[in-house]
Each structure stands twice: as structure tokens, then as C-alpha cells.
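First comes the structure, then the notes that go with it.
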Amino acid sequence: MDILKTLYDEIIGFLGIGNAWDILQTGDYSVLATYEGITAFILPLIPLLVLLEFILGLVYKKPDTKVYKVNFLIYVFNRFVGRFIAIAMVVLLIGWLQPYAPFQTSATWYWFIYIVWEFGHFLYHYWGHKVRLFWCLHSTHHAPENMNLSVTYAHFFLEAPYADIIRTTVCILAGVEPAMLFAIMFIDGTYGAFIHVGENMIKDARFGAVGKFILTPSHHRVHHAKNPLYIDTNFCNLLNIWDHVFGTYQEENREEKIQYGITRKMDSGNFMDVYFGEFVALAKDVWNAPGLKNKILYIFMPPGWSHTGEHQTAKVVRDEYLKKQTA
Ligand SMILES: [Zn+2]
Ligand SMILES: [Zn+2]
């Protein structure tokens with residue numbers, strides 16, 4: 001019976017409906033105006049959408065089985081390790097860095113705070129693609145060859161602490177209040193999950209003029225594509241301001257059908273390959289590289305960098321493609 005109880009608690013935990021259920025049972029709806037009350041009802045949205053999308057997949061007979069299987073395994077694995085490390089890192093960093101902020105903002109500076117947060121997110125995500133070691137942490141998220149909401153759960157367990165170190169450092173040094181930081185993390189996390197909605201649920205996710213100001217699921221589909229035109233673009237999460245500033249903005253082009261996944265030959269249905277494959281590839285390159293300098297460069301240069309000078313980085317691939325298009 002204990003196993004059944006644990007399973008029941010895990011399912012309720014995954015769905016995030018525990019708090020909402022408690023509120024409904026007490027009948028005291030005044031808490032809905034509080035942070036706890038709001039989060040209690042927003043938290044279950046993504047898990048419920050994941051289920052709905054999964055059912056739609058079955059109805060349309062396009063269930064993306066491979067993606068769901070591996071992402072489920074990743075969810076279970078991370079459930080036990082990743083989350084706790086990330087929370088501990090954020091709390092530690094706030095304590096260390098807050099005294100060094102030149103000024104403190106108040107909770108009324110929403111837009112300034114959000115732009116600062118988005119900058120922290122851009123940095124973490126950009127380096128996750130441009131520094132080979134960090135790509136090892138981030139590549140698990142890019143392995144799925146179809147897009148659906150379960151991709152939200154596909155992360156290497158050390159990616160969240162790596163991301164939170166950078167985002168928290170940027171925000172706390174810019175004077176963002178810790179309470180505000182946690183509120184943004186929640187909003188951004190929920191929206192960041194939603195942008196993985198798949199074609200089974202929303203076919204055209206460009207959202208018209210709205211897409212000029214905010215990052216849509218369409219933008220994020222482009223980010224998950226390995227097509228030369230799309231590779232390493234759209235690093236933002238909710239406001240695409242920093243992609244415009246740094247020249248990494250790319251819209252979905254109807255003529256260029258998205259191919260999801262990463263360029264390395266891999267088995268996206270194999271948990272070990274999805275989770276550790278990039279580490280193995282990096283270790284091989286480091287081992288085979290001549291001289292200490294090349295070995296170190298492999299760890300910190302972008303994926304595709306080669307000591308022979310024949311680089312196949314995203315930048316080389318994309319520039320070559322764009323040159324051919326204009327020629
Ligand atoms: Zn990415
Ligand atoms: Zn993603």
C-alpha cells in the first residue's frame with residue numbers, strides 16, 4: 001500500500017494540484033488575491049496541458065512516443081536530484097551577493113527588473129550553446145526530435161543550478177529584491193514551459209503582431225531546430241529584446257520546415273545518449289586532441305570547433321547557408 005500512496009503523492013505533486021485542492025476545500029477564496037493563491041492555480045496549468053497534448057497526440061495518432069518516453073525518464077531522474085541543488089544555489093547566492101549591489105530596486109520597477117532577468121537568462125542560454133562544457137549541460141533539452149510540452153522536463157540535472165547561478169548573480173547585482181526574483185522565476189518558468197507547446201495543440205504559434213514584442217512558441221520552435229538557417233537563434237524566454245540587441249533573432253519561415261534535434265548523430269530514444277552523449281563526445285575530443293592547449297580549448301570553445309581549423313560551429317554553418325542564399 002505504501003507504494004500506491006507514494007505513487008499517488010507523486011502524481012498529485014507532478015500535477016501541482018495539491019494547494020488548489022486545499023483552497024477549494026476550505027472555500028476561502030480570499031487567498032486568491034495572494035501570491036500563494038495565484039500560484040496554486042497557475043502551477044497545475046502546464047502539467048494539465050501536457051496531459052491534454054498527450055491525449056490529442058493519441059487522438060491524432062501522432063503520439064511522439066519516443067519523446068514522451070525519454071522525457072518521462074528524465075523527469076523521474078531529475079525529480080530526485082536536480083531541484084534541491086538549484087534551490088540551495090539560489091539561496092546561497094542571494095546571501096553572498098546582495099551586499100555588493102550598488103542600489104536596491106523596489107517591487108514597482110517591474111519592467112526594469114524583467115529586462116534584467118531576461119538578460120541573465122540570455123547569458124545563461126547563449127553560453128549554454130557557445131561553450132562546449134555548458135552545451136553538455138544544455139544539450140539534453142535539445143535532443144527531442146518532436147516538439148511537445150513534455151520537452152519542458154528534458155533537462156540535465158545540473159543545468160538548473162548552472163542557469164540559476166548566472167540569472168541570480170545578474171539580478172542580485174542589479175539590485176533586484178529576492179522576493180521579486182522568486183516571483184519572476186515563477187512567471188518565467190511557467191511561460192518558459194508553455195513555449196514548448198507542440199503542433200498537435202497549436203499548429204501555427206506565431207501569434208501575429210504579438211510575436212513582435214514577446215517570444216512565441218514559434219520563436220522557440222525555431223530555437224529547437226537544427227536547420228542551418230535556424231541553428232543558435234532566439235535565446236530569450238519571454239521578451240525577445242536581447243535577441244534583437246545581439247543579432248540572434250530569427251522568425252519562422254514557412255518555406256523552411258523545422259527539423260528538431262541536434263546535429264550530432266544520436267539516438268534520441270536512448271536515455272543514456274540523450275543525457276550523457278555530449279559528455280562522451282567531449283571526452284573523446286579532449287583525449288584525441290594534440291597538446292594541452294587544444295585539450296583545454298575543446299572544453300571552452302563552441303561545439304563544432306576543431307583543432308584542425310575545420311570548424312563546424314553553428315556560426316560557420318549558418319553563415320555559409322546565408323551566403324549561399326544571397327549568392
Ligand atoms: Zn537552447
Ligand atoms: Zn526549449
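Read-outs: derived from the displayed coordinates by stated rules, not from any lab. All values derive from a computational prediction rather than experimental measurement. Backbone-built Cβ (ideal geometry, glycine too); neighbour counts: all protein chains shown.
The three principal axes of the C-alpha atoms in the range 146-245 carry coordinate ranges of 39, 31, 26 Å, sorted with the longest axis first. Model label sites at Ile214 and Lys293, defined 7 Å from Cα along the beta-carbon direction, differ in position by 5.0 nm. Determine, at each q value in 0.11, 0.12, 0.16 (inverse angstroms), the log₁₀ of I(q)/I(0) that the Debye formula gives when each Cα of the chain is one equal point scatterer. Debye curve over Cα of the chain, log10 I(q)/I(0) at q = 0.11, 0.12, 0.16 Å⁻¹: -0.79, -0.94, -1.61. When each of Thr326, Thr168 is scored by the number of other beta-carbon atoms lying within 10 Å, the sequence from fewest to most is Thr326, Thr168.
How much FRET efficiency would the formula 1/(1 + (r/R0)^6) give for Ile12 and Phe300, where r is the Cβ-Cβ distance and R0 is 45 Å, rounded to 0.05? Don't skip to the answer; put the middle values down first.
Working: r = 43 Å, r/R0 = 0.96.
It comes out at approximately 0.55.
The phi-based Karplus calculation (6.51 cos²θ - 1.76 cosθ + 1.60; θ = phi - 60°) puts the 3J(HN,Hα) values of the range 216-231 at 9, x, 4, 4, 6, 4, 4, 4, 7, 8, 9, 4, x, 5, 9, 4 Hz, whole numbers, x for Gly and Pro. Here's the list of lysines a cross-link from Lys66 could span, going by alpha-carbon distance under 20 Å and ignoring same-chain residues fewer than 8 apart: Lys226, Lys265.
Distance from the C-alpha centroid of the range 160-180 to that of the range 213-265: 25 Å, rounded to the whole angstrom. The angle between the Cα long axis of helix 178-194 and the main principal axis of the chain comes to about 70°, on a 0 to 90 degree scale. Under the simplified labelling scheme, the Ile55-Phe182 pair shows an inter-label distance of 3.4 nm, with each label point 7 Å from Cα along Cα→Cβ.
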